[in-house]
Amino acid sequence: MDFDFSPEEQKFAEEVEQWLVENHDPVVMDPTRENFTQLADTPERRDFMKKLAAQGWLGMSWPKEYGGQEIEGVYEFILNEALARHAAPQIGKGVGIIGKTLIRHGNDTLKAEFLPKILTAEVEFAVGYSEPQAGSDAANMQLKAEKVEGGWKLNGQKMWTTSAHFADWYWLGARTDPDKPKHDGLSLFLIPMDHPGLEVQSLPTIGKDTTNQVFFEDVFVPDDYLVGERGRGFQYISEALDLERFTMFTLSPISERSRLLTDWVKVAKRDDKPLKDDPNVRRLVAHIATDTAVAKGLSVRFVCAAMSGGKPPTIQSSQYKLFTTTLSQRVCRDALDITGAAGQLREGQEDAPLKGRFEGAYRATVNETVGGGSSEIQKNIIARRELGLPKNF
Ligand SMILES: Cc1cc2nc3c(=O)[nH]c(=O)nc-3n(C[C@H](O)[C@H](O)[C@H](O)COP(=O)(O)OP(=O)(O)OC[C@H]3O[C@@H](n4cnc5c(N)ncnc54)[C@H](O)[C@@H]3O)c2cc1C
């Protein structure tokens, strides 16, 4: 198997790199927001996505009949990783998750309304699966969707809905059939975020950014805005989560942090002695470099194939997410060990090593091992689906 890019793919990577350098804007590209920098949550960042769309780079792997170019997923992978490396907004939920799920399962009305807007970066989404009693056990969602004339009436609560405070549309699961087994009683809906009866409250995260909880009071959803078939929501959500696990957890920021740490180790001193001579420090950075190379192999192998369309690969998505997000957290934890007590100083504080980057990055990377399904849940999926071990919940 050849892990190198072909000359055409390499040419595209260079084109994207040059475009990103020419369009560099510190207001849009903020590496200190870590994984949250992928969100198009300000007017400047939304404009950036529109410029990206004008390049014809959104939805490259989508079928031609829906405005895509039907080219290999490797191009989407190259683009998304380059965006992440530059700390720019990324293809995210619209192109990478909701668009692809609508193409597979959405009705004609939803495809006609949303797919063109996704490709022109005119719509941002929030994703609502988690609830107070449904996090790891997503199938336990209790948000009630009651059948009424011409549609559905929604009442209840969602937790941890990132993007709800700026998104245009809400992609969410709700219980339409409470008498059926829990996995069969859920359906997926799309509703406008400014709908009367929706109340969004901010929730801080351990990182710099916030997420939200959302309350629903008699929120009406017309029949056409039910995604796919009633009662099959959990299947669609599982597929969407598989897509999320490689689209929204990119590798480039981890490589960049590893490089930043290694470059610093080469010049920094502790007690007047060069850190680069410390055997423990050398061991830690060598281990990080090795695991980053392994993660790169995993991402090229799994993610490029997964981005090409079709049913998303569950086991590979979990393996990729588990390996990269735990590595992401370990790089930051090791960086805090290496930088010592001063490593706890925050961004902007005098004497903070590496401008305080790793203090913030460590907190932010904790989020990565929870959002999109925790590391324990990824291990459960791998144990059950790859290794054939029994279900434990
Ligand atoms: C920054 C951030 C952003 C998020 N954004 C969104 C979003 O946009 N939309 C959305 O729907 N959700 C979002 N989430 C929610 C996320 O998906 C959940 O937090 C996650 O699924 C865990 O659920 P929980 O918080 O309820 O924890 P719990 O499910 O209560 O888990 C608590 C602990 O128990 C462990 N655990 C639970 N069950 C098992 C088991 N069977 N075996 C072993 N260990 C287990 C978990 O790994 C965890 O360590 C976000 C979370 C974070 C942190």
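The values are calculated or read from the model by the stated rules, or taken from the named source; none is laboratory data. Just so we're clear, the structure is a prediction, and the values are computed from it rather than from any experiment. Cβ sites come from the backbone with ideal geometry, for glycine too, and all protein chains shown count toward neighbours.
Summary table below
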{"read-out": "Number of the condition not met by residue 192 [criteria: (1) within 15 Å of the ligand (Cβ to nearest atom); (2) surrounded by fewer than 16 Cβ atoms within 10 Å (Cβ to Cβ)]", "value": "(1)"}
{"read-out": "Condition check for residue 260: in the same structural domain as residue 293 (by TED's automatic domain parsing) and more than 21 Å from residue 298 (Cβ to Cβ)", "value": "yes"}
{"read-out": "Residues satisfying the stated conditions in segment 314-326, i.e. out of contact with any Phe, Trp or Tyr (no Cβ under 9 Å at 6 or more places or on another chain) and under 10 Å from residue 369 (Cβ atoms)", "value": "322, 326"}
{"read-out": "Every residue from segment 343-393 that is surrounded by fewer than 16 Cβ atoms within 10 Å (Cβ to Cβ), assigned to a helix (DSSP H, G or I) and within 9 Å of the ligand (Cβ to nearest atom)", "value": "376, 379"}
{"read-out": "Among the residues listed as 184, 209, the single one being surrounded by fewer than 22 Cβ atoms within 10 Å (Cβ to Cβ) and within 27 Å of residue 122 (Cβ to Cβ)", "value": "209"}
{"read-out": "Criterion: of a type in the set (Val, Ile, Thr) and under 22 Å from the mean Cα position of the chain (by Cα) - qualifying residue of 123, 148", "value": "123"}
{"read-out": "Filtered residues of segment 92-122 (kept if within 16 Å of the ligand (Cβ to nearest atom) and either aliphatic (A, V, I, L, M) or on the phi < 0 side of the Ramachandran plot (or both))", "value": "93, 94, 96, 97, 98, 101"}
{"read-out": "Single match in 228, 197 (criterion: more than 12 Å from the ligand (Cβ to nearest atom), crowded, with 17+ Cβ neighbours inside 10 Å and farther than 30 Å from residue 360 by Cβ)", "value": "228"}
{"read-out": "Residue list for segment 146-168, restricted to those being near the ligand (Cβ under 8 Å from one of its atoms) and touching an Asp or Glu at 6+ places or on another chain (Cβ under 7 Å)", "value": "158, 159, 163"}
{"read-out": "Filter result for the condition that a residue is in contact with an Asp or Glu (Cβ under 9 Å, 6 or more places away or on another chain), among the β-branched types (Val, Ile, Thr) and within 17 Å of residue 117 (Cβ to Cβ), over 78, 91", "value": "91"}
{"read-out": "Test: residue 37 is farther than 24 Å from residue 73 by Cβ, β-branched (Val, Ile, Thr) and either surrounded by 14 or more Cβ atoms within 10 Å (Cβ to Cβ) or touching a Gly at 6+ places or on another chain (Cβ under 9 Å) (or both)", "value": "no"}
{"read-out": "Per-region count, segment 259-280, residues in contact with a Lys or Arg (Cβ under 9 Å, 6 or more places away or on another chain), assigned to a helix (DSSP H, G or I) and over 15 Å from residue 358 (Cα atoms)", "value": "4"}
{"read-out": "Residues (basic (Lys, Arg) and touching a residue at least 40 places away in the same chain (Cβ under 8 Å)) located in segment 32-68", "value": "33, 45, 46, 50"}
{"read-out": "Output for segment 61-74, where each listed residue is surrounded by fewer than 22 Cβ atoms within 10 Å (Cβ to Cβ) and in a helix (DSSP H, G or I)", "value": "64, 65, 66, 73"}
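Condition check ((1) within 15 Å of the ligand (Cβ to nearest atom); (2) at pLDDT below 95; (3) not basic (Lys, Arg)) across all residues:
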{"position": "144", "(1), (2), (3)": "no, no, no"}
{"position": "177", "(1), (2), (3)": "no, no, yes"}
{"position": "186", "(1), (2), (3)": "yes, no, yes"}
{"position": "212", "(1), (2), (3)": "yes, no, yes"}
